[in-house]
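Working notes, beginning with the structure itself.
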Amino acid sequence: MLGIICNKPQKNKAIGPLGLFTILSIIITFFTILISCKTDIQSGIESANDLLYKKQYVAAERLYHKLLKRLENENELSEAEDKQRMLIMDRLGKVNALYLHDYNQAIHYYQKLVQQYPRTEYAFSARAMIADIYHHTLGNLEAAISEYQKLVAEFPNKKEARWAQLQISGAFFQLKDYEQARTEAGALINRWPNSSEAAQARFQIANSYYVQGRYADATATYEQLLEGKPDPSFASLVLFEMGNCYQELGDLDRSLAYYYATLADHPNPLLVQRKIRHLRRRLDHVRPAEDIQLPDYVQRRLAVANDSTGKHNKNNKIASPSNNENDLLNTPAFSNKNNSNNKQLKKVEAINQDSTELANANQEESDKKNKRKAKRKKPNLDADDATGLDTADTQILPVKPKKSETKPENIQNKSIDKPKSIVKTSDASSKPDANSNKPPIAPAKEDTPQ
């Protein structure tokens, strides 16, 4: 019976409902973990953004770094995870550059972003940030030029490429390589001739001529800029530099005319006024000579300036400003800036006037109190206090005795408090001087009332 039971074949048991439920729960848990990993990255990015908003930059940088490390440990990244990785590297670069000021670390993250995602918008922004850090923060102009050149080569169709090319010219200008600076500026003008950056490039070429002392070439380049009819603020800068060139060339009257033409729109009118005052002292007259020939655009700007100060010349000649230098402050560029402060100045003057009146009233009150105190304190001196000495020594004036019916007390019995200086002087005067022939001064007799 036992053998039969042992040798009996066992039937395969079917999986019950409990087993199916267990298998399904394992599969769901596995997919939930995968999904939670992705959601953890997004929630981590949001948490790091909140830390940035709360200005907790160190904690935000650490969290971004952890998230980046987790994504780099993955074998394959989805498209969403790839975008998250680019975003995290960009944020790490900005946090280190803008808030933590760890520029080398910022450059490390930006270069990593450019290497892994070279043709993306994040790569363009990272390349521009690297160039800006080298140029304006670290002062490494050679490295900045290299980054700007890569930016222009890799993203030639972007508007910022013109800006990068202008920065290349400016960096060579700072290195005092003026010839190369003009070459780079010329490349910008040839490639984008009608852009605003092209006008700035011409301005930079003219400035390089001026720095090298080539004032005639600088003036010619400035005139080309004015032929393009730039906006008034930029034209004022050009006219100012032309005035500097003519001053260096010795044409002081023409230089003064250009300074007057630029005064209305120049961003720094005080600088222009100093230049005008300097030329006035050198020329010994206020206005430039009327026989000089000026271009039409200079004449127009002078006419506008004359109209604004109420000195319009009907013959289109240069109006003569008054000898008072305060007339320079009547130009729109300067007076309009100061009009907003007139109310505040009036308030300050009113407050000062009130404080002055209050101080005067307090002074008058204190003077009255002092007078009342002086009247209460009367000198309590008698005629007997006069010792016959010079009043200059005692500084006490004798007082006439009051007439009274009663006999006065014996003066010899009266105690008189005398200063020590007076006692010494009286003793010295009563003794004869061995070196002097003058007789000793006798003490004053006591006057008794009759």
Exercise. Residues Val58, Val95: which one is touching a residue at least 40 places away in the same chain (Cβ under 8 Å), surrounded by 14 or more Cβ atoms within 10 Å (Cβ to Cβ) and not hydroxyl-bearing (Ser, Thr, Tyr)?
Worked result: Val95
Exercise. Going through the range 193-215 one residue at a time, which ones are buried (at least 21 other Cβ atoms within 10 Å of the Cβ) and of a type in the set (Val, Ile, Thr)?
Worked result: Ile205
Exercise. Of all residues in the range 147-172 being polar (S, T, N, Q) and touching a residue at least 12 places away in the same chain (Cβ under 8 Å), which is surrounded by the fewest Cβ atoms within 10 Å (Cβ to Cβ)?
Worked result: Gln149
Exercise. Given the structure, is Phe124 surrounded by fewer than 23 Cβ atoms within 10 Å (Cβ to Cβ), assigned to a helix (DSSP H, G or I) and touching a Lys or Arg at 6+ places or on another chain (Cβ under 8 Å)?
Worked result: yes
Problem set entry | Residues (of a type in the set (D, E, K, R) and surrounded by fewer than 20 Cβ atoms within 10 Å (Cβ to Cβ)) located in the range 173-192 | Lys176, Asp177, Glu179, Arg191
Problem set entry | Selection status of Lys158, closer than 25 Å to Ala218 by Cβ and either touching a Cys at 6+ places or on another chain (Cβ under 8 Å) or basic (Lys, Arg) (or both) | no
Problem set entry | Criterion: aliphatic (A, V, I, L, M), at pLDDT 60 or above and touching an Asp or Glu at 6+ places or on another chain (Cβ under 6 Å) - qualifying residue of Val95, Val58 | Val95
For this session: For Leu270, work out the one condition from (1) of a type outside the set (Val, Ile, Thr); (2) at pLDDT below 80; (3) farther than 23 Å from Ala216 by Cα it doesn't fulfil.
Result: (2)
Exercise. Does Phe234 satisfy the condition of being out of contact with any strand residue (DSSP E or B) (no Cβ under 9 Å at 6 or more places or on another chain) and surrounded by fewer than 21 Cβ atoms within 10 Å (Cβ to Cβ)?
Worked result: yes
For this session: Taking Gln167 as meeting all but one of (1) over 30 Å from Ala126 (Cα atoms); (2) within 32 Å of the chain's Cα centre (by Cα), write down the number of the exception.
Result: (1)
For this session: Could you figure out which of (1) part of a helix (DSSP H, G or I); (2) surrounded by fewer than 16 Cβ atoms within 10 Å (Cβ to Cβ); (3) not acidic (Asp, Glu) isn't true of Tyr109?
Result: (2)
Exercise. Which residue pairs have Cβ atoms under 6 Å apart, sit 6 or more places apart or on different chains, and have a first residue in the range 268-287 that is within 26 Å of Phe234 (Cα to Cα) and a second that is modelled with pLDDT of 90 or more and among the aromatic types (Phe, Trp, Tyr)?
Worked result: Val272/Tyr259; Lys275/Tyr259; Ile276/Tyr259
For this session: Specify the residue that is farthest from Asn190 (Cα to Cα); the eligible residues are those in the range 216-229 that are crowded, with 18+ Cβ neighbours inside 10 Å and touching a residue at least 24 places away in the same chain (Cβ under 8 Å).
Result: Thr219
Exercise. Scanning for something out of contact with any strand residue (DSSP E or B) (no Cβ under 7 Å at 6 or more places or on another chain), closer than 18 Å to Ser196 by Cβ and either hydrophobic (A, V, I, L, M, F, W, C) or in contact (Cβ under 8 Å) with a residue 24 or more places away in the chain (or both), does the range 245-265 turn up at least one residue?
Worked result: yes
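The values are calculated or read from the model by the stated rules, or taken from the named source; none is laboratory data. Just so it is clear, the model here is predicted, and its values are computed rather than measured. Don't worry about glycine lacking a Cβ; one is built from the backbone with ideal geometry, like all the others, and counts go over all protein chains shown.
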